[in-house]
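Colleague: Got a structure here, written out as structure tokens. Questions coming.
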Amino acid sequence: MFESPLKSNARNAWSESQEELSETEPVSPVSKGNRGKKKKKRRQQPQQQKTEKRSVSAPQLCAEESFDREDEQSEKRYTDYDEPIVRGIFQIGKKSHDVLLTSMRVTWSPIQPETPTGQSETLRRTEYVELKDVFGVKVKRRRSAGQETGGTLLGITLFHCKKKGPKLKDHAIHFNNMSVDHCEIWFKKLKEILSGFQNRPKSLKVFVNPASHKKEAYQIYRDDVAPLFQLADIKADVTITERKGHALSVLKESNLDGYDGVVVVGGDGSVAEVAHGLLLRAQMDAGRDTDSMFTPVRATLPLGLIPAGSTDVVACSVHGIRHPVTAAMHIIMGHHQEVDVCSFSCLGRLLRFGFSAMFGFGGRTLALAERHRWMPPGQRREFAVIKTLANLKPEDCELSYLPVKKVQTETLDPVKNEYLKDDMEEEESWTTTRGLFLNVSIMAIPCLCSMAPRGLAPNTRLNNGSMALIAAGNTSRAEFIKHLKRYNSVNNQFSFSFVETQTVWAVRLRPRSQSSWSDDIAEDNGEYDSKNTPIISSEGAYPWNIDGDLLEVPSELLIRLHPQLLTLFGVDIEEAEEAHIKCSCI
């Protein structure tokens, strides 16, 4: 009289499934070609064998002889550890197959005609798909033109994830059977099993930046991502961002309790904004005072990244490839990857959370590009790099850092969902260097892309509890350009006497004002001593490139690492394999 909620949900899914696949050719569960060949062989058999054959019905042959003999070994191979749930006959391609469903996999093998001695003509090839790789099951119907509902039932279709290197793709397997009762049983059982995967999201908050890169973000989501979410029965609440900071304001004000994750479709700037919004919302919910030095709590929801920008170094670092379908499949399959995050503070006040920062050449290049936004993106970036190199000057800084070896490992408090550590802010623990620097990079992730196949920071990983500090000291323009070109090769980009690398937990950078300098004047400046003339902004604000966003800081900036503060949908892949990615990370 009563049924379990799980079975009830499966029944509702069967009755409400309207995403059936259309077919133009009719499908029969039995191959006519095989049946004709079987009749021809019977005419060549002796009369005695014909009589014996006639005394046994065809269903009995299929059920008793064919299954019992040849499936004993295959069933032992595939079901010793897993009890069968349901079994039936489906047509896959042009052949009828014996299909077996267990709680871990779907196994099928072709049904072959037998010789008069009862032996199979050929060895049966058994195939299977693991249910952990299956993300959707749909009803398959044949409909006429203009018909939106109903139609002739053809069978069911399984959608599963296939892996080739770092790339993930969706693949469909069609199981054809025109029996409504038979397909309904299989559909319900498959739905019950798929609903048991806990990490897979059912409801997502999606932010799409329509202005990202070449304004292709919404098209990428509509054509490549949304259909996959629909196949996986994922409900998506989509917000098209209208301005910079729109996603941040939504995350701070909205109720996120009904979502299993947040997804951003855009470039590194959009990713940084949404990641900052998620972490800032977590601090607000935990009652943290962000206007003082504090220990942050982890974000409660995982973040999915659909690459649709010009750089996408965060997506490449966590997926190993710049591929929207791969990113969508990581989200659908519920692959979780913990990632270290940095906090950027000035005068004790939190400015933002992020993954990487550059000061000096990286910051000046971005600031110049932002002042020429009327130019096309690619042309604007090339112009900014060339112009900044032409006016290359060092920054006079005081650089302090806490090496990882001097910091006690942080431990996660499962009750408070935060990391606990000893106070290592003592002045004597810091290592301080003063001098002229052309560029200073602080990165918590490898920052993979085609321009840097080994990563902008190859000495760090996604969640190894450390940051890479890369300081390029003052040198000639020619030597600095050699250093930049090394990022695009397999050679060590740090094997220069003026480049120093450190594995750190915290960094404090303080610009030292010795003279005034204006970017606008410097662009038209002629001769200058690049080795002795530091760059100091006349307005007292210093440009930082933080995850591709320009941040002007009036004084000292403190960067601290927070291990595994954010969960991303993806896996830990050390090197990107797609060589044709266009990138302008530096």
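Colleague: Could you tell me whether residue 228 is touching a residue at least 12 places away in the same chain (Cβ under 8 Å), buried (at least 20 other Cβ atoms within 10 Å of the Cβ) and closer than 15 Å to residue 302 by Cα?
Modeller: So residue 228 does not fit the description; no.
Colleague: So, one more: Which condition breaks for residue 230 when tested against (1) within 30 Å of residue 377 (Cα to Cα); (2) among the polar types (S, T, N, Q); (3) in a helix (DSSP H, G or I)?
Modeller: It fails just one condition, (1).
Colleague: With the requirement that a residue be within 19 Å of the chain's Cα centre (by Cα), of a type in the set (S, T, N, Q) and modelled with pLDDT under 95, what does segment 183-208 give you?
Modeller: 198, 199
Colleague: Another question about this same structure. Among the residues of segment 310-325, is any surrounded by fewer than 22 Cβ atoms within 10 Å (Cβ to Cβ) and more than 24 Å from residue 133 (Cα to Cα)?
Modeller: Scanning segment 310-325 turns up at least one residue that is surrounded by fewer than 22 Cβ atoms within 10 Å (Cβ to Cβ) and more than 24 Å from residue 133 (Cα to Cα).
Colleague: Kindly establish whether residue 376 is at pLDDT below 85, more than 19 Å from residue 511 (Cα to Cα), assigned by the TED database to the domain that holds residue 549 and open to solvent by 10 Å² or more (accessible area, probe 1.4 Å).
Modeller: Yes; evaluated as a whole, the condition is true for this residue.
Colleague: Only one of 452, 444, 457 is buried (at least 22 other Cβ atoms within 10 Å of the Cβ), modelled with pLDDT of 90 or more and under 19 Å from residue 499 (Cα atoms); which?
Modeller: 444 is the lone residue from the list that is buried (at least 22 other Cβ atoms within 10 Å of the Cβ), modelled with pLDDT of 90 or more and under 19 Å from residue 499 (Cα atoms).
Colleague: Do we have residue 362 as over 29 Å from residue 200 (Cβ atoms), open to solvent by 10 Å² or more (accessible area, probe 1.4 Å) and either under 25 Å from the mean Cα position of the chain (by Cα) or small (Gly, Ala, Ser) (or both) here?
Modeller: Spelling it out, it is not the case that residue 362 is over 29 Å from residue 200 (Cβ atoms), open to solvent by 10 Å² or more (accessible area, probe 1.4 Å) and either under 25 Å from the mean Cα position of the chain (by Cα) or small (Gly, Ala, Ser) (or both).
Colleague: Within the bounds of segment 134-141, is there any residue that is surrounded by fewer than 20 Cβ atoms within 10 Å (Cβ to Cβ) and out of contact with any Cys (no Cβ under 9 Å at 6 or more places or on another chain)?
Modeller: Yes: segment 134-141 contains one or more residues that are surrounded by fewer than 20 Cβ atoms within 10 Å (Cβ to Cβ) and out of contact with any Cys (no Cβ under 9 Å at 6 or more places or on another chain).
Colleague: In this structure, does residue 300 turn out to be under 17 Å from residue 559 (Cα atoms) and surrounded by fewer than 21 Cβ atoms within 10 Å (Cβ to Cβ)?
Modeller: Against the criterion (under 17 Å from residue 559 (Cα atoms) and surrounded by fewer than 21 Cβ atoms within 10 Å (Cβ to Cβ)), residue 300 does not qualify.
Colleague: Suppose the filter is hydrophobic (A, V, I, L, M, F, W, C) and either touching a Pro at 6+ places or on another chain (Cβ under 7 Å) or at pLDDT 65 or above (or both); does residue 521 pass it?
Modeller: No, not satisfied.
The values are calculated or read from the model by the stated rules, or taken from the named source; none is laboratory data. Quick caveat: nothing in here was measured; it's all calculated off a predicted structure. We place every Cβ from the backbone using ideal geometry, glycine too, and count neighbours over all the protein chains shown. Ligands, DNA and RNA are stripped out before the accessible areas are found, and what is left, the full protein with its side chains, is counted by its heavy atoms. Shrake-Rupley method; radii C 1.70, N 1.55, O 1.52, S 1.80 Å.
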